[in-house]
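Written below as structure tokens is the structure these notes are about.
The values are calculated or read from the model by the stated rules, or taken from the named source; none is laboratory data. Note that this is a predicted model, so its numbers are computed, not measured. FYI the Cβ positions are ideal-geometry reconstructions off the backbone, even for glycines, and counts take in every protein chain you see. Remember, those area values only see protein heavy atoms, side chains included, never the ligands or the DNA or RNA. Shrake-Rupley method; radii C 1.70, N 1.55, O 1.52, S 1.80 Å.
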Amino acid sequence: MSGIRPTGFLHLGNYFGALRNYIRMQDEYECFFMVADLHSLTTHPDTKELKSNVQHVLSENIACGLDPDKVALYCQSHIYETSELYLYLNMLAYKGELEKTTTFKDKVRSQPENVNAGLLTYPVLQTADILLHRASLVPVGKDQEQHLEMSRTFTKRFNHRYGNVFPEPKAFNYGSELVRVPALDGSGKMSKSENQFATLYLSDDDELIRKKVIKAKTDTGPLAPGSSKPEAIGNIFLLLKLVSDPSVINKFETDYNNGSIRYGDMKKQLAEDMIKFITPIRQKAEAIRNDENYLKKVMEKGAEKARKSAKATMELVRQAMGLNY
Ligand code: ATP
Ligand code: MG
């Protein structure tokens, strides 16, 4: 089970941190993937663009290879049971631990005018989404690691107090560790709602990709042959590894190690390889997005599957909690 907020266009971080795993998991597990529209209200209270953003996320998910016939692909707000479980779990989450969450502290700094209770209890809502399907694997990027730790804590607390209803959910990635795709200017991670000029979106056209990549932060070159890579350079290599051929990566590694590397050339190569990766996804997503009827059907079908699973879980929950009189 996992979700993506409809706060803008999807980017490489969403793809390599989350979606790439979804696509592989759909053939191996029973999967629930949702557009987390309720979560987006914690930071984006204006709902004017919500519908079109939901359509964006859905069409980009499908364009990347997610098959709505294989998984439950749905919209969070369509499943009312989420709110019920969220309420119960809120009684098991303490103010102190919620206030210590890194993402909460970041948002207090970035939106001091709107430090709402939904923001504080964001990890509780996320736990409700997961537990609603009694899911055990949650494919997410590195930025979600702390939230998943909190989900495990809330789950253990529930099971301890009311009986063993839920498996303990784990952050999941097919590789050896969770992925974090850095922003091109080295100022944090790629993101839908921040760092927009330093983020490569799956909707960016070729020229925009070239412009953004060429501006990526570099320095004057290795100080001495064989010296270790500063963070900004390491980030470019990391991006290259996501989309380029091993032979290309080897060439630039060798050039770096013998001090002959030209960052301009490396960025040009990176831009072209990014274009090759992004263009087909962008074109597919555009075509899907234009078919509103199809997207509505996808959402309805997804909600039906998710509701069925949610209803079954909530019966267990009410019974375990003694709310069955
Ligand atoms: P927002 O800025 O609105 O929070 P976001 O880009 O952080 O958007 P989310 O909807 O919060 O995206 O997260 C969706 C999924 O993408 C999560 O699993 C998250 O861990 C993953 N993700 C987001 N950014 C990155 C990144 N830069 N690298 C790896 N994974 C990422
Ligand atoms: Mg986020």
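With a sphere of radius 13 Å drawn around the Cβ of S77, what net charge do the other residues whose Cβ falls strictly inside it have (Lys, Arg +1; Asp, Glu -1)?
Combined, the nearby Lys, Arg, Asp and Glu give 0.
For the chain, compute Rh as the Kirkwood radius over C-alpha pairs and then the Stokes-Einstein diffusion coefficient at 37 °C and 0.692 mPa s; write the answer in µm²/s, rounded to an integer.
The calculation lands on 156 µm²/s.
Dipole size in debye (nearest 20) for the chain around its Cα centre, Lys and Arg Cβ +1, Asp and Glu Cβ -1?
420
Please check: in the Gaussian network model of the chain (C-alpha springs, under 10 Å), which one of K170, K229, K156 has the largest mean-square fluctuation.
Of the options given, K229 has the highest mean-square fluctuation.
Using a Cα-Cα cut-off of under 23 Å, which lysines could be cross-linked to K284, ignoring same-chain neighbours fewer than 8 residues away?
K51, K70, K192, K211, K212, K276, K296, K297, K301
Please report, in cubic angstrom per residue, the volume enclosed by the convex hull of the alpha-carbon atoms of the stretch 177-316.
About 158 Å³ per residue, rounded to a whole number.
Which chymotrypsin sites (Phe, Trp or Tyr not before Pro) in the stretch 49-153 pass both tests, a DSSP loop state and at most 14 other beta-carbon atoms within 10 Å?
Hits after loop and neighbour filter: Y80, Y94.
With springs only between Cα atoms under 10 Å, which of A36, A117, A303 fluctuates most in a Gaussian network model of the chain?
Of A36, A117, A303, the most mobile in the Gaussian network model is A117.
Can you tell me the alpha carbon radius of gyration of the stretch 204-285 divided by the globular rule-of-thumb value 2.2 N^0.38 Å?
Cα Rg divided by the expected 2.2 N^0.38 Å: 1.13.
Amide H of F172: which non-local residues (sequence gap of 5 or more, or other chain) have their own amide H closer than 5 Å, using H built in the peptide plane?
V138, V140
Determine the sum of side-chain charges near I275: Lys and Arg each +1, Asp and Glu each -1, restricted to other residues whose C-beta is under 13 angstrom from that of I275.
Charge balance in the 13 Å sphere: +1.
I'd like the orientation of helix 292-321 relative to the chain: the angle between its Cα long axis and the longest Cα principal axis, in ° from 0 to 90, rounded to 10.
The two axes meet at around 50 degrees.
For the stretch 127-260, give the percent of accessible area contributed by carbon and sulfur heavy atoms, probe 1.4 Å, rounded to a whole number.
48
Using DSSP to call loops (not H, G, I, E or B), can you name the trypsin sites (Lys or Arg not before Pro) in the stretch 109-148 whose Cβ has at most 14 other Cβ atoms within 10 angstrom?
none
Rounded to the nearest 0.05, what FRET efficiency do T102 and K215 have when you use their Cβ-Cβ distance and R0 = 22 Å?
0.20
Within a Cβ distance under 13 Å of K217, other residues only, what is the Lys/Arg minus Asp/Glu net charge?
Around K217, the surrounding residues sum to +1.
Charges at C-beta only: +1 for Lys and Arg, -1 for Asp and Glu. How large is the resulting dipole of the stretch 204-285 about its Cα centre, in Debye rounded to 20?
I would put it at about 160 debye.
Rounded to the nearest 10 degrees, what's the angle between the helix 231-243 long axis and the longest principal axis of the chain, both from Cα atoms, 0 to 90?
80
Quick check: Cα centre of the stretch 270-317 to Cα centre of the stretch 43-65, how many Å?
9
Indicate, rounded to the nearest 5 percent, the antiparallel portion of the DSSP beta bridges found entirely in the chain.
If I count the DSSP bridges inside the chain, around 15 percent turn out antiparallel.
Per DSSP H run of n ≥ 4, the term is -39500 (n - 2.57); total these for the chain, divide by its residue number, and report the mean residue ellipticity at 222 nm rounded to 500 deg cm²/dmol.
About -16500 deg cm²/dmol.
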